[in-house]
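Taking it in order: structure first as structure tokens, then the write-up.
The values are calculated or read from the model by the stated rules, or taken from the named source; none is laboratory data. These numbers come from a predicted model, not from an experiment. Here the Cβ is made from the backbone with ideal geometry for all residues, glycine too, and neighbour counts use every protein chain on show.
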Amino acid sequence: MPRGFLILLAAGGSLGLLAGAWYWQAMGYPPCPMCWWQRYPHVVAVALGLVAALTSGPVVPLLGALAAATSAGLGVLHTGVERGWWTVQTACTGGGLGNLSGADLLSLEGDRAVLCDQVTWEWLGLSMASWNAILSLGLVLVWLAAARTPRRSG
């Protein structure tokens, strides 16, 4: 496949994952802090896609692969927290609610507290974090293919 198509596919995939995250947020599934962490590398990957489309060589696509791999790693970390495979003491887990009181958690006013260690939506037994990890790993492969494909001149 042509390098430009692979870059478009990789950066477009990150843009699609971001759009999906915003869609689910608009549908009433507010993101927890770990969900936000997974979005930032996709923003970087989209920007790298723009740069990669204008440059040659493997460096920028490799950076895109690193961005996608970072989001995948964060997705695996988040999945592990959701499934109780490991604990991460942050303000967004049941064990680290910081200064939130029971009244804060039950309040109907303002933003509701979203805990990182609870699955709020899943499909085929996989949470949004799990799906992000899987799809991001696929994007890593596309970025790597782009890095190996020379840019056609002319």
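Any residue at all in segment 9-19 that's within 16 Å of S127 (Cα to Cα) and modelled with pLDDT of 90 or more?
We begin by selecting, within segment 9-19, every residue within 16 Å of S127 (Cα to Cα); these are 17-18.
In the following step, the residues that additionally are modelled with pLDDT of 90 or more were identified as 17-18.
Yes: one or more hits.
Only one residue in P61, P41, P31 is assigned to a loop (DSSP other than H, G, I, E, B) and buried (at least 18 other Cβ atoms within 10 Å of the Cβ). Which one?
Working: P61 fails: assigned to a loop (DSSP other than H, G, I, E, B); P41 fails: assigned to a loop (DSSP other than H, G, I, E, B).
Exactly one of P61, P41, P31 is assigned to a loop (DSSP other than H, G, I, E, B) and buried (at least 18 other Cβ atoms within 10 Å of the Cβ), namely P31.
For segment 116-148, enumerate the residues that are assigned to a loop (DSSP other than H, G, I, E, B) and crowded, with 21+ Cβ neighbours inside 10 Å.
C116 - this is the single residue of segment 116-148 that is assigned to a loop (DSSP other than H, G, I, E, B) and crowded, with 21+ Cβ neighbours inside 10 Å.
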